[in-house]
Amino acid sequence: QVQLVESGGGLVQAGGSLRLSCAASGRTFVSYAMAWFRQAPGKEREFVAGITWSGGSTVYANSVKGRFTISRDNAKNTVYLQMNRLKPEDTAVYCCAADLTTVVHTSGDPYTYWGQGTQVTVSS
């Protein structure tokens, strides 16, 4: 079975930066998409960013576009989320997800595999 292991979360001041990593292990995929979602207390899970297996197509939520960058290294089976100019409203539990799909979906429903989540807290 596929396992997703996240790292890089923590506490940072507004305007600062964090880099999240999500490493996949277990069965290998010929092609798949990966994405980041987040959920804040009292709110529903929301899409943050996604990337195709080739890295040729990326999708961002309007709230993070221009500040966050998603990338991947297929040789390492790892996806990254570089977060710059962080805001207090970015505070949430961030989860990575993966599935055997050739396009990025902004809904969580198509994704089969999920990480455990990592806490990101942005203070003012």
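The values are calculated or read from the model by the stated rules, or taken from the named source; none is laboratory data. Computed from a predicted model, the values in this text were never measured in an experiment. Quick reminder, even Gly has a Cβ in these numbers, built from the backbone with ideal geometry, and neighbours come from all protein chains shown. To get the accessible areas, we keep the full protein, side chains included, count just its heavy atoms, and leave off ligands, DNA and RNA. Shrake-Rupley method; radii C 1.70, N 1.55, O 1.52, S 1.80 Å.
Which residues does the label zone of E44 cover in the stretch 101-124, counting backbone N under 13 Å from a point 7 Å along Cα→Cβ?
Flagged as within label range: 107-109.
Would you mind computing, in nm to one decimal, how far apart the modelled labels at W114 and K87 are, each placed 7 Å from Cα along Cα→Cβ?
Placing both labels 7 Å beyond Cα along the Cβ direction yields 2.6 nm.
Return, ordered by residue number, the residues of the stretch 1-40 whose backbone nitrogen is under 18 Å from a label point located 7 Å along Cα→Cβ of N74.
Counting backbone N atoms under 18 Å from the label point, the list is 22-35.
Express in nm, to one decimal, how much length is gained between S107 and K65 on full extension, taking 0.36 nm for each residue of separation and deducting their alpha carbon distance.
Gain on extension, S107 to K65, equals 13.4 nm.
Using only protein heavy atoms and a 1.4 Å probe, report how much of R72 is accessible, in Å² to the nearest 10.
Approximately 40 Å² for this residue.
For T58, which sequence-distant residues (separation of 5 or more, or a different chain) have an amide H within less than 5 Å of its own amide H, given hydrogens modelled in the peptide plane?
Here the answer is none, since no amide H 5 or more places off falls under 5 Å of that of T58.
Which of the cysteines in the chain are isolated, no other cysteine C-beta under 4.7 Å?
That list is C95.
Along each principal axis of its Cα atoms, how long is the stretch 31-80 end to end? Whole angstroms, biggest number first, please.
37, 20, 14
As a test of reading the structure, rank T69, T91 by solvent-accessible area (1.4 Å probe, protein chains only), most first. Provide the component values of the computation, followed by the final result.
Details: T69 70, T91 35 Å².
Solvent-accessible surface, decreasing: T69, T91.
How are the C-alpha pair distances of the stretch 52-124 spread across 5 Å bins, as whole percents from the shortest bin up?
Percent of pairs per bin, in order: 3, 13, 22, 28, 20, 10, 3, 1.
List the extent of the Cα atoms of the chain along each of their three principal axes, largest first, rounded to whole Å.
43, 27, 25
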